[in-house]
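A.B. asks: My structure is below; once you've seen it, I'll send some questions.
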Amino acid sequence: MADPKQRKQETPYSQKSECRDFTLFQALGINDVETVAWKNFVILRWGSLTTVSCPDCKKVDKHYFRSHRKQWRCKHCHRCFSVTTGTPFANRKIPFSKLIQLCYEFATSPKGISANSLAGKIGTTHVTAYLNISKIREAQFLTEDRSQLSGHIHVDGCHFCGKPRRPRKRNKMTSEIVNNHLKNRKANIVPGKKYNREPWNLRKLENRRIVMLLRQVSDVRGKGATRTISCVVMRESQEEVLKVIPKYVRQGSIISTDDGSAYKFLAGSYEHRSVCHSEEYSNDQGINNNQAESGHSRMRRAEYGVFHGMRPQYLAFYASEIAWRENIRKMPQSVKYQDLFSRIFSCGHSEAFRGYVQGRRLGYEHLG
């Protein structure tokens, strides 16, 4: 059987230009919104259309404005700059009207939004939508609050990426296969000995990663978690946990986990509480790690229902997006929108996706 990776795949219809013949602006009967969108972008960054800050020398002044280029020339260092200079959207070619709509859709989608869905709404190619969404995810990762958590922390790890497909030929049902399906999802991901998967299919297991979520629980009953930190590790082992927990959780805090062996060392520096998930999700004393499980549930549904796949190289960016959505889940849409732009304007150029279309890739993973 030929390797599926060598097959020539046809472009899905949803990504073809003939599918993108009707956008939201056309539905609303709006033709010229570019100037208004540019002004909104300037106000979001500097709060004024006239008094702006030079990205190079940081001087705030009424710099010389070049109206035909929508650029400024600094009165102090004489550098020319635009509203996107020094941001992930620097040197962008997408119009401001579409960029504003892209950011709005991203900020207000409770479960996340895929590039495939967004491309048709704003009238861009799939690559353009994916590139700009990825820059936003990277900005969220770079601006994520990673100061130490304290109080009561729920911690859990979950498998993502590296999931083999079902084999081409169906297997005869055995007790081992039935048990794998009846067990928790983690056991179902790992194929048993009776699974006759092709070699190319089994190699996908090499891409498996663990996303660890650490969530600080509110002291007010019913408020859930107040802050979330996400990180990607290679495996849920004591060695990896020993690197993550002391880094992100203050000593003396209360940590609730499952009864995995990777967390048993925590009793020395923390008040460790555990629940045996093979028997119960919450014990009679009310001990659980449901807040961490809730975050993983959102990410797992996003992987299958929204993104339809994630890759290890950029998994930390997806995890950071889910952590951000958990943190702002009870905020008004206007606050979500402004918070997103504050992160975009404070992280500088995109390291992972600048030159992506030209073939430049990040080349490493963000772990820990």
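The values are calculated or read from the model by the stated rules, or taken from the named source; none is laboratory data. Treat the numbers as computed from the prediction; the structure is a model and nothing was measured. Neighbour counts are summed over all protein chains in view; Cβ atoms, including those assigned to glycine, are modelled from backbone coordinates with ideal geometry. Calculation scope for accessible area: heavy atoms of the full protein, side chains included, ligands and nucleic acids excluded. Shrake-Rupley method; radii C 1.70, N 1.55, O 1.52, S 1.80 Å.
A.B. asks: Per residue, how much accessible surface does the chain expose to a 1.4 Å probe? Answer in Å², no decimals. Present the calculation step by step, with values, prior to reporting the outcome.
C.D. replies: Working: 20000 Å² over 368 residues.
Heavy-atom accessible area per residue stands at 54 Å².
A.B. asks: From the Cα gyration tensor of the chain, with a ≥ b ≥ c the square roots of its eigenvalues, which class applies: rounded if a/c is under 1.5, or else prolate if a/b is larger than b/c, or else oblate?
C.D. replies: Numbers: a/c = 2.25, a/b = 1.43, b/c = 1.57.
Cα axes put the chain in the oblate bin.
A.B. asks: Let me ask you something else. Lys pairs in the stretch 193-310, Cα-Cα under 27 Å, at least 8 apart or on separate chains: how many?
C.D. replies: Values: Lys193/Lys204; Lys194/Lys204; Lys204/Lys243; Lys223/Lys247; Lys243/Lys264; Lys247/Lys264.
Step by step, the pairs that qualify in the stretch 193-310 add up to 6.
A.B. asks: OK, next. Which value, in debye to the nearest 20, gives the size of the charge dipole of the chain about its Cα centre, when Lys and Arg are +1 and Asp and Glu are -1 at the Cβ?
C.D. replies: On the way: 63 positive and 33 negative charges, 255 e Å.
The dipole magnitude comes to about 1220 debye.
A.B. asks: Can you compute the charge dipole magnitude of the stretch 325-368 about its Cα centre, using +1 on each Lys and Arg Cβ and -1 on each Asp and Glu Cβ, nothing else charged? Give it in debye, rounded to the nearest 20.
C.D. replies: Values: 8 positive and 4 negative charges, 28 e Å.
The dipole of the stretch 325-368 has a size of about 140 debye.
A.B. asks: Can you flag which of Lys39/Lys121; Lys93/Lys163; Lys93/Lys121; Lys75/Lys135; Lys111/Lys135 are past 26 Å Cα-Cα? Let's see the in-between values first.
C.D. replies: Numbers: Lys39/Lys121 22 Å; Lys93/Lys163 36 Å; Lys93/Lys121 18 Å; Lys75/Lys135 31 Å; Lys111/Lys135 18 Å.
Over 26 Å Cα-Cα: Lys93/Lys163; Lys75/Lys135.
A.B. asks: Residue by residue through the stretch 70-76, what is 3J(HN,Hα) from phi via Karplus (6.51 cos²θ - 1.76 cosθ + 1.60, θ = phi - 60°)? Round to whole Hz and write x for glycine and proline.
C.D. replies: Going residue by residue, I get 6, 10, 10, 10, 5, 6, 9 Hz, with x marking Gly and Pro.
A.B. asks: Long-range amide H contacts for Thr226: which residues qualify at under 5 Å (H placed 1.01 Å from N, peptide plane, sequence gap of 5 or more or a different chain)?
C.D. replies: It is Gln216, Val217, Ser218, by chain and number.
A.B. asks: Can you pull the percent of the chain's accessible area that's carbon plus sulfur, 1.4 Å probe, other chains left in place?
C.D. replies: Working: 9590 of 20000 Å².
With neighbouring chains kept in place, the figure for the chain is 48 percent.
A.B. asks: Let me ask something else. Each residue of the stretch 145-153 in order: what ³J(HN,Hα) in whole Hz does its phi give by Karplus 6.51 cos²θ - 1.76 cosθ + 1.60, θ = phi - 60°, with x for Gly and Pro?
C.D. replies: 6, 10, 5, 4, 7, 8, x, 9, 10
A.B. asks: Amide H to amide H under 5 Å from His277: which residues, 5+ apart in sequence or cross-chain, H placed 1.01 Å off N in plane?
C.D. replies: Counting only residues 5 or more places away or on other chains, the set is Asp259.
A.B. asks: Kindly express, to the nearest 10 degrees and within the range 0 to 90, the angle between helix 290-302's C-alpha long axis and the longest C-alpha principal axis of the chain.
C.D. replies: Roughly 60 degrees between the two axes.
A.B. asks: Give me, ordered by chain and number, the residues 5 or more places off Asp156 or on other chains with an amide H under 5 Å from its own placed amide H.
C.D. replies: Result for Asp156 returns Leu213.
A.B. asks: Further, regarding this structure: Along the charge dipole of the stretch 1-154, Cβ charges K/R +1 and D/E -1, which of Ser67, Tyr130, Gly120 sits furthest on the positive end?
C.D. replies: It is Ser67.
A.B. asks: Further question: Could you work out how far the C-alpha centroid of the stretch 276-343 sits from that of the stretch 203-237, in angstrom?
C.D. replies: 8
A.B. asks: Taking only C-alpha pairs under 8 Å that are 6+ residues apart, what is the relative contact order of the chain in percent?
C.D. replies: Values: 533 pairs, mean separation 75.0, N = 368.
Relative contact order here is 20 percent.
A.B. asks: Under a point-charge model restricted to the Cβ atoms of Lys and Arg (+1) and Asp and Glu (-1), what is the dipole moment magnitude of the stretch 56-172 relative to its Cα centre, in debye to the nearest 20?
C.D. replies: Working: 24 positive and 7 negative charges, 155 e Å.
Result for the stretch 56-172 is approximately 740 debye, rounded to the nearest 20.
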